[in-house]
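Undergrad: The structure under discussion is supplied below as C-alpha cells; questions concerning it will follow.
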Amino acid sequence: QVQLVESGGALVQPGGSLRLSCAASGFMFTFSSYTMSWYRQAPGKERELVAQVASASGITTYADSVKGRFTIFRDNDKNTVYLQMNSLKPEDTAVYYCNAVLRWASSYNYWGQGTQVTVSA
C-alpha cells in the first residue's frame, strides 16, 4: 500500500521559513522512478502545482509565484522529498500536498493527505 506522509506544516510569521517533508513508502518501483511534486490548495481556490523534481534528471520546476523563495529537493536513499520555503508570504497560506507519478506510467499517481501552512502575523 502506497503512502505519502507529509509533515512540517505550521503557523509562521511573514518572512519566515518552513521545510516540508514527504516520506514515501509502499511503491512498486524505486522512489527514484517517480516524479515528485508539491501542490497547494488555498480556501476557495483550485489546487495548483508549486514545485516539481523530475525522476531521472532531477530537473526542478517552480510556479512563478514561488521562484527564488522555494526549493524542492529529494533524497532517494530516504524515499523523501522536501520543500524548503523561505520568505513566506500570507498568500502562501494553503494545504500543501505531496504527489508522486511514475515516470513511464502516469496512471501510477499518488497523493498525500496534506499539511497545513499558515502565514500570518
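Values in this text are rule-based calculations from the coordinates and carry no lab data. Remember, it's a predicted structure, so these values are computed and weren't measured experimentally. Here Cβ is always computed from backbone atoms with ideal geometry, including for glycine, and neighbour counts include all displayed protein chains.
Undergrad: On a full-extension model of 0.36 nm per residue, what is the gain between residue 47 and residue 69, subtracting their alpha-carbon distance, rounded to one decimal in nm?
TA: This chain segment gains 6.0 nm when fully extended.
Undergrad: If the reach is capped at under 16 angstrom between alpha carbons, list the lysines near residue 67, excluding any in the same chain fewer than eight residues apart.
TA: Candidates past the 8-residue exclusion: 89.
Undergrad: A further question on this structure: Restricting attention to the stretch 1-110, which chymotrypsin sites (Phe, Trp or Tyr not before Pro) occupy a DSSP loop and are surrounded by at most 13 other Cβ atoms within 10 Å?
TA: 29, 104
Undergrad: Next question, about the same structure. Could you give each residue of the stretch 33-42 its phi-based ³J(HN,Hα) in whole Hz, using Karplus coefficients 6.51, -1.76, 1.60 with θ = phi - 60°, and x for Gly or Pro?
TA: These are the phi-based 3J(HN,Hα) values: 7, 10, 6, 10, 9, 10, 10, 9, 9, 8 Hz.
Undergrad: Separate question: Net charge near residue 41: determine it from the other residues with C-beta under 11 Å of the C-beta of residue 41, scoring Lys and Arg +1 and Asp and Glu -1.
TA: Charge balance in the 11 Å sphere: +1.
Undergrad: Oh, and also: Extending each Cα 7 Å along its Cβ direction at residue 106 and residue 3, get the distance between those two points in nm, one decimal.
TA: 2.9
Undergrad: Apply the Karplus curve 6.51 cos²θ - 1.76 cosθ + 1.60, θ = phi - 60°, to the phi angles in the stretch 80-87 and return the couplings in whole Hz, x for Gly and Pro.
TA: 9, 10, 10, 9, 8, 10, 10, 6
Undergrad: Evaluate E = 1/(1 + (r/R0)^6) for residue 59 and residue 120, where r is the Cβ-Cβ distance and R0 equals 22 Å; express this FRET efficiency to the nearest 0.05.
TA: Approximately 0.10, to the nearest 0.05.
Undergrad: Can you spot the aspartates and glutamates whose alpha carbon is less than 15 Å from residue 45's alpha carbon? Ignore those fewer than 8 places along the same chain.
TA: 91, 92
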